[in-house]
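Peer 1: There's a structure below that I have some questions on.
The values are calculated or read from the model by the stated rules, or taken from the named source; none is laboratory data. As the structure is a computational prediction, the values presented were derived from the model and not from experiment. Cβ placement follows ideal geometry from the backbone for every residue including glycine, while neighbour counts extend to all protein chains displayed. These area figures cover heavy atoms from the full protein model, side chains too; ligands, DNA and RNA do not enter into them. Shrake-Rupley method; radii C 1.70, N 1.55, O 1.52, S 1.80 Å.
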Amino acid sequence: NRGLDIRNLTVEYQGGQAALKSVDLFLPEHSIYTILGPSGCGKSTLLRSIAGLVKTYHGEISYNGKALPEQDQVLIGLVPQNYGLLPWKTVQSNIRTAMRISNSGTLTKQQQEQRITNWLESMGIADLAHRYPLSLSGGQQQRVAIARAFAISPQIMLLDEPFSALDAITREEIQRIFLGNWNSLPTTTLFVTHDVEEAILLGEKIIMMTSNKEDPLIVMDNPLFSI
Ligand code: ADP
Ligand code: ADP
């Protein structure tokens, strides 16, 4: 079964209770699942665990049979809630750095620069290429973070409320751009949102995450999904 396979995932932060307890989830390759759930139920922890940012957890996370995060040949794009941009680098340098770290190494320098330009254009922020993150609005930083995640052509894309800082009109526009681009990439996507409409628009399946550790995930089909 090809896809992202999470088995029996348990995360306990130091001195705390379990943030996640025995979570099982399977996302087939090139699927997009949205997650809805109350604040504090463990959505970010789930994404961060998949991204390799949680140091100690119990359970197994694998992609197409390869264990994560030890297996560094699986590229993961993460759009964290706080955008995660490096403040001392310009917008384009942030993206360039991510591409270098993720070793988009088969590209020539020129192709790399072209890809950066294309993604910035696609997100409507080409004019911000030389700006520094802290001089940008939240919504602009969010678009940089999305451009950066797409630019590395990840197999797995993890988005933690990626459109939360956008005004309603920009959000609709970016949702549309996101869907168009998502469809052209072989990317398996987990998308956290607080917005029920967004969950229905973007989710092939919708995961309701609860604070009940005995039964944390309810995965529902979305008959309205139409990408
Ligand atoms: P959500 O994204 O659904 O709001 P989180 O994954 O951020 O939930 O948090 C799940 C639980 O883990 C919460 O109880 C939160 O307080 C706790 N938690 C999150 N991050 C940390 C941390 N770095 N240290 C200790 N506890 C944490
Ligand atoms: P730093 O993080 O040290 O500022 P960058 O990420 O900006 O470095 O640049 C990484 C590499 O890309 C460097 O080798 C740099 O020479 C090259 N580079 C920087 N800007 C451009 C550009 N506009 N076009 C092509 N290559 C560039």
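Peer 1: For the chain, which whole-number percentage of the solvent-accessible area (1.4 Å probe, protein heavy atoms only) is attributable to carbon and sulfur atoms?
Peer 2: Ligands and nucleic acids excluded, carbon and sulfur reach 49 percent.
Peer 1: Here's another thing I want to ask about it. For the modelled label position 7 Å from the Cα of V219 along Cα-to-Cβ, which residues of the range 176-201 have backbone nitrogen atoms closer than 16 Å?
Peer 2: 188-192
Peer 1: Grab the chain and count how many Lys pairs have their alpha-carbon atoms under 16 Å apart, sequence gap of 8 or more, or different chains.
Peer 2: For the chain, qualifying lysine pairs total 5.
Peer 1: What spacing in nm lies between the two simple spin-label points modelled at N181 and S39, each 7 Å away from Cα in the Cβ direction?
Peer 2: My value for the distance between the label points is 2.9 nm.
Peer 1: Could I ask something else about it? Compute the FRET efficiency between A67 and N118 as 1/(1 + (r/R0)^6), taking r as their Cβ-Cβ distance and R0 = 30 Å, and round to the nearest 0.05.
Peer 2: 0.35
Peer 1: Hey, can you find the accessible area per residue of the chain for me, probe 1.4 Å, expressed in square angstrom?
Peer 2: About 49 Å² of surface per residue is accessible.
Peer 1: From Cα pairs below 8 angstrom and at least 6 apart in sequence, can you work out the relative contact order of the chain, rounded to a whole percent?
Peer 2: The normalised contact order for the chain reaches 28 percent.
Peer 1: Report, in deg cm²/dmol and to the nearest 500, the calculated mean residue ellipticity at 222 nm for the chain, where each DSSP H run with n ≥ 4 adds -39500 (n - 2.57) and the sum is divided by the residue count.
Peer 2: -9500 deg cm²/dmol
Peer 1: Taking R0 as 30 Å, what's the FRET efficiency between H30 and T97 from their Cβ-Cβ distance, rounded to 0.05?
Peer 2: 0.65
Peer 1: Find the Rg to Rh ratio for the chain, where Rh is the Kirkwood radius over alpha-carbon pairs and Rg uses the same atoms.
Peer 2: 0.95
Peer 1: How high is the FRET efficiency between Q111 and H58 when r is their beta carbon distance and R₀ equals 41 Å, given to the nearest 0.05?
Peer 2: 0.50
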